[in-house]
Every structure is written in C-alpha cells, then in structure tokens.
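Bear in mind these aren't lab numbers, they're just calculated from the coordinates by the rules spelled out. These numbers come from a predicted model, not from an experiment. Note that we place each Cβ from the backbone using ideal geometry, even for glycine, and neighbour counts take in every protein chain shown.
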Amino acid sequence: MKQPSLQDWHDWLNTPLGEYVLARERAWLDTVTPDIFGFHAIQLGCPELDLLRESRIVHRLTVAPEAVNGNEPTLRAQFHELPFEPQSIDLCVLPHVLEFTESPHEILREIDRVMRPEGRILIIGFNPWSLFGVKKLWAGGGRGGNGGRYPWQGQFVSLIRMKDWLQLLGFEPSSGKLTCYIPPCETPEWQRRYQFLERAGDRWWGVSGGVYMLEAIKRVQGARLITPKWAEQKVRERKFATSVRREEQRDQLRDRRQQLLKNKSAENHLRLVK
C-alpha cells in the first residue's frame with residue numbers, strides 16, 4: 001500500500017466531501033472530549049486542525065511527522081515511536097491514522113504503552129461495509145488498498161476488526177457512533193438531496209455509516225495498591241487490637257450476665273424464706 005502524506009489528507013479535506021465528513025466528525029469530538037478528564041492529551045496527525053478544541057485537558061499536543069501547509073505540529077515524531085513516558089497520556093485522538101499506514105498494529109501497541117490505566121482513545125476510521133467502501137472498490141482501491149486516489153487507496157479497517165485489535169491490547173470499547181450514511185457525493189447539492197439518509201441511517205441500517213467513531217478505555221486487570229511493609233504491619237496490629245477489645249467486651253458482658261443471674265437467684269431465695 002502506498003502510504004499517503006498528511007498533505008494528501010489536507011487537500012482532500014478541502015473538497016466538498018472532505019468538508020462534509022470533517023464537520024460530522026468534529027461534531028462528535030466536540031460532544032465527547034469535554035467529558036474526558038486528565039492531565040495530558042495528544043492528537044496524532046492533522047496538525048492544521050484542533051480536534052481537541054473542546055477538551056478540558058489543559059496540556060494538549062499535536063503529534064505528526066511533518067508540517068502541513070506551514071502548520072507545524074507541537075511535536076514532530078513518528079506515530080509508532082512516540083517520545084512519551086509509559087503510562088503518561090490520558091487521552092489520545094486518532095483521526096484516520098490506522099487505515100493509511102503500513103503498521104497499524106505497531107501504532108496501537110505504542111499507544112497502549114503511553115496510555116494511563118483508564119485512559120481514553122478516540123479512533124475515527126472509514127467503514128468498508130458502507131457506500132464509502134463501495135466507492136473505494138470502484139475507485140480502484142480494492143481490498144488491498146492499492147491504486148486509486150486519496151482516500152480510496154487506504155486500507156479500510158472494519159469496526160468489528162478494530163474492536164478485536166483493541167480488546168487484544170486490553171482496551172474496552174465503551175461508546176461510539178456511525179455517520180455519513182449518504183453516498184460519497186462530491187457536490188454539496190447532491191449531499192443535501194441525500195440528507196434523509198442521515199436521519200434514517202441510525203434507525204434502519206446502523207452498521208452502514210461511511211465513518212465510524214469509537215471510544216475505548218484502557219483496562220488494567222488485577223491492579224492493586226502496593227503498600228510498604230510497615231503499613232501492612234500497622235494494619236495487622238490494628239486488627240489484633242480490635243480483636244482483643246472485642247474479646248474483652250464479650251468477657252465483660254458474660255460476667256455481667258452471670259452477676260445478674262446470681263442477684264436474681266438470691267432475691268428468689270429471700271422471697272421463699274420470708
């Protein structure tokens with residue numbers, strides 16, 4: 001597969017179809033990102049766009065291997081070699097990154113390395129089981145992603161396969177949305193004519209949207225807080241002291257009952273003598 005440049009993506013976003021897709025993706029991101037909290041957030045690719053504009057996370061970075069139309073990323077780096085400490089990122093956004101690379105698994109493994117437990121990743125991709133996937137076949141992209149022009153030469157990854165990849169790495173898909181149910185028309189006029197498909201898509205053919213947007217959470221199974229030995233000793237001493245107090249209370253209660261029984265027996269004896 002010929003790997004397109006970020007400039008190809010930028011040029012396509014300036015077409016009527018690209019603007020249509022971007023508007024719907026941004027609407028979803030603007031709804032989801034304000035509810036994700038943390039200290040550090042990164043956006044892979046698209047340095048000319050601020051897809052984290054509605055995020056409440058203060059420290060936000062854009063990572064890309066190159067500039068686009070003079071728009072420099074915050075940090076230049078390859079997606080499979082991120083210069084971050086392990087478990088240091090709370091939110092990562094991947095807008096159409098995995099279908100236009102020759103090493104999607106390496107990128108996901110690298111993201112898994114830098115994500116904190118309970119961190120969130122937002123993945124946006126083209127759905128091969130849609131009218132966009134049909135257009136890809138007609139445009140010469142084929143199933144292997146060879147030939148054709150952007151974005152139809154990409155290797156579209158299905159939503160089911162993407163979920164499988166994430167679950168193998170310990171990510172749990174939590175929510176998502178499909179959009180762009182209209183045919184991939186290049187003119188705004190035809191896009192307006194097919195708007196009724198967007199309204200009916202979620203209800204009648206929910207798996208056939210041209211673009212899927214997926215949120216996943218990094219889960220760490222069996223995690224527990226490791227305390228120092230002196231803290232464990234203090235806990236054991238506290239439990240022992242509590243057990244001793246309970247034994248003393250039970251002994252006192254038993255003595256009280258025995259004393260009450262003796263007093264009652266003496267009273268009954270005096271009553272009989274009288």
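Give the calculated FRET efficiency between residue 69 and residue 106 to the nearest 0.05, with a Förster radius of 25 Å applied to their Cβ-Cβ distance.
0.35
Nearest-5 percent of antiparallel DSSP beta bridges in region 158-227?
Taking every DSSP beta bridge within region 158-227, about 100 percent pair in antiparallel fashion.
Using Cα pairs under 8 angstrom and six or more residues apart, how large is the relative contact order of region 109-208, in percent?
Value for region 109-208: 24 percent.
Suppose R0 equals 35 Å. What FRET efficiency, 1/(1 + (r/R0)^6) with r the Cβ-Cβ distance, do residue 205 and residue 85 give to the nearest 0.05?
0.20
Give me a comma-separated list of calculated 3J(HN,Hα) values for region 58-66, in order, Karplus coefficients 6.51, -1.76, 1.60 applied at θ = phi - 60°, integers in Hz, x for any Gly or Pro.
Those phi angles translate into 6, 8, 10, 10, 10, 10, 7, x, 8 Hz.
What FRET efficiency comes out for residue 11 versus residue 138 if R0 is 30 angstrom and r is the Cβ-Cβ distance? Round to the nearest 0.05.
The calculated FRET efficiency here is 0.90.
Per-residue counts of other Cβ atoms within 10 Å, averaged by peptide: what ranking do you get for 58-64, 170-176, 94-100, highest first?
The densest-packed peptide leads the list: 94-100, 58-64, 170-176.
Under 19 Å from the Cα of residue 218, which aspartates and glutamates turn up, not counting those fewer than eight places away in the same chain?
35, 85, 90, 106, 110, 112, 118, 164, 172
So what J values fall out for region 74-84 if you push phi through Karplus, 6.51 cos²θ - 1.76 cosθ + 1.60 with θ = phi - 60°, rounded to Hz, Gly and Pro as x?
My calculation for region 74-84 gives 4, 9, 8, 6, 6, 5, 8, 9, 7, x, 10 Hz in order.
If you take every residue apart from residue 96 with its C-beta less than 12 Å away from the C-beta of residue 96, what net charge results, scoring Lys and Arg +1 and Asp and Glu -1?
Cβ neighbours under 12 Å give a net charge of -3.
Per 0.36 nm of contour for each residue apart, how much would the distance between residue 196 and residue 37 grow if the chain were fully extended, relative to their Cα-Cα spacing?
Result: 53.7 nm gained on full extension.
Count the net charge of all other residues whose Cβ sits under 9 Å from the Cβ of residue 120, scoring Lys and Arg as +1 and Asp and Glu as -1.
That sum, taken over residues with Cβ under 9 Å, equals -2.
Counting only DSSP beta bridges with both residues in region 1-129, what percent are antiparallel, rounded to the nearest 5?
Numbers: 1 of 17 bridges.
Percentage antiparallel, nearest 5: 5.
Please compute the length gained on full extension between residue 221 and residue 242, using 0.36 nm multiplied by the number of residues separating them and subtracting their Cα-Cα distance.
Gain on stretching residue 221 to residue 242: 4.3 nm.
Can you run phi through the Karplus equation (6.51, -1.76, 1.60; θ = phi - 60°) for region 167-178 and list ³J(HN,Hα) in whole Hz, with x for Gly and Pro?
Calculated HN-Hα couplings, in order: 5, 5, 8, x, 8, 10, x, 10, 7, x, 7, 10 Hz.
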